[in-house]
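The values are calculated or read from the model by the stated rules, or taken from the named source; none is laboratory data. Please read these numbers as outputs of a predicted model, since none were measured by experiment. Ideal geometry is used to build each Cβ from the backbone, glycine not excepted, and the neighbour counts take in all protein chains shown.
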Amino acid sequence: MRVIAGSAKGHKLKSLKGLKTRPTLERIREAVFNVLGSKVFNAVILDLFSGTGAIGIEALSRGARFCYFNDSDRNAKEIIQDNLLHCRLQEKSRVYSMDALHLIDFLNKQQNIILDLIYIDPPYNLGLYESIFFRLENSTLLNEGSIIIAESNNKTLLPEKTRYLELIRKNSYGDTVVWYYQYKI
């Protein structure tokens, strides 16, 4: 696995051994960043189920201002920190190892954190999407126009609209579906 574009282009990323994480395939990462385009530049990102950190590192490499990484697995946190160091992006990031919903609450209690892009790729079998959407919608972390990208398998059906989130795009890549929501008040 490698960084596709930007300042860290070509850097190889470490990953956890075994099946604990399911890294987003390069072709899907590339497609996501093609869809996002210039929205990544100067954005504040939350990579909520980071695994290797590939999504957030790709965003930072492409000009994002800052990225919050989170993975509940402490070994994954170490891998993310190693990958950030290897790509020389550690100063533009903070890495956590918390339950996803607790992290949202934690960030919400901090002052002046506004997230432009949130990438959600939880273990598919946990059914966390709607709980995460609800928690984000009821926080102060989003601004009008913030985008939430949710990666799921093709068996998962996510809502087209929630209270403040509206589905603006949905792309399928084999067994993987990427959902793009925009926060609208």
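Quick notes on this structure:
- Residue that is nearest to Asn34 (Cα to Cα), among those in the stretch 66-88 that are outside any helix (DSSP H, G or I) and out of contact with any strand residue (DSSP E or B) (no Cβ under 6 Å at 6 or more places or on another chain): Cys87
- Flag if Phe49 is among the hydrophobic types (A, V, I, L, M, F, W, C) and part of a loop (DSSP other than H, G, I, E, B): yes
- Just one residue in the set Arg2, Arg94, Arg74, Arg22 is at pLDDT below 95, charged (D, E, K, R) and touching a Phe, Trp or Tyr at 6+ places or on another chain (Cβ under 9 Å); that residue is Arg22.
- Exactly one residue out of Leu85, Leu115, Leu103, Leu142 is hydrophobic (A, V, I, L, M, F, W, C), within 25 Å of Gly6 (Cα to Cα) and either touching a residue at least 60 places away in the same chain (Cβ under 8 Å) or touching a Phe, Trp or Tyr at 6+ places or on another chain (Cβ under 7 Å) (or both): that is Leu115.
- The stretch 101-121, residues that are in contact with a helix residue (DSSP H, G or I) (Cβ under 7 Å, 6 or more places away or on another chain) and in a loop (DSSP other than H, G, I, E, B): Ile113
- Some residue of the stretch 43-53 being free of Cβ contacts under 8 Å to residues at least 40 places away in the same chain and surrounded by fewer than 22 Cβ atoms within 10 Å (Cβ to Cβ): no
- With respect to being of a type in the set (Val, Ile, Thr) and within 21 Å of Ile28 (Cβ to Cβ), Ile104 falls outside the description.
One line per residue, one yes/no per condition, for (1) polar (S, T, N, Q); (2) more than 13 Å from Asp116 (Cα to Cα):
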{"position": "Ala5", "(1), (2)": "no, yes"}
{"position": "Leu16", "(1), (2)": "no, yes"}
{"position": "Arg27", "(1), (2)": "no, yes"}
{"position": "Asn34", "(1), (2)": "yes, yes"}
{"position": "Val44", "(1), (2)": "no, no"}
{"position": "Asp47", "(1), (2)": "no, no"}
{"position": "Thr52", "(1), (2)": "yes, yes"}
{"position": "Ile55", "(1), (2)": "no, yes"}
{"position": "Phe69", "(1), (2)": "no, yes"}
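- Any hit, the stretch 59-66, residues being crowded, with 19+ Cβ neighbours inside 10 Å, modelled with pLDDT of 95 or more and of a type in the set (Phe, Trp, Tyr): yes
- For the stretch 171-185, a residue qualifies if it is farther than 22 Å from Arg135 by Cβ and in contact with a strand residue (DSSP E or B) (Cβ under 9 Å, 6 or more places away or on another chain), and the qualifying residues are Asn171, Ser172, Asp175, Thr176.
- Taken over the stretch 146-157, residues that are more than 14 Å from the chain's Cα centre (by Cα) and either β-branched (Val, Ile, Thr) or at pLDDT 95 or above (or both) amount to 1.
- Subset tally (residues that are within 12 Å of the chain's Cα centre (by Cα) and either farther than 19 Å from Leu141 by Cβ or not polar (S, T, N, Q) (or both)) for the stretch 67-99: 4
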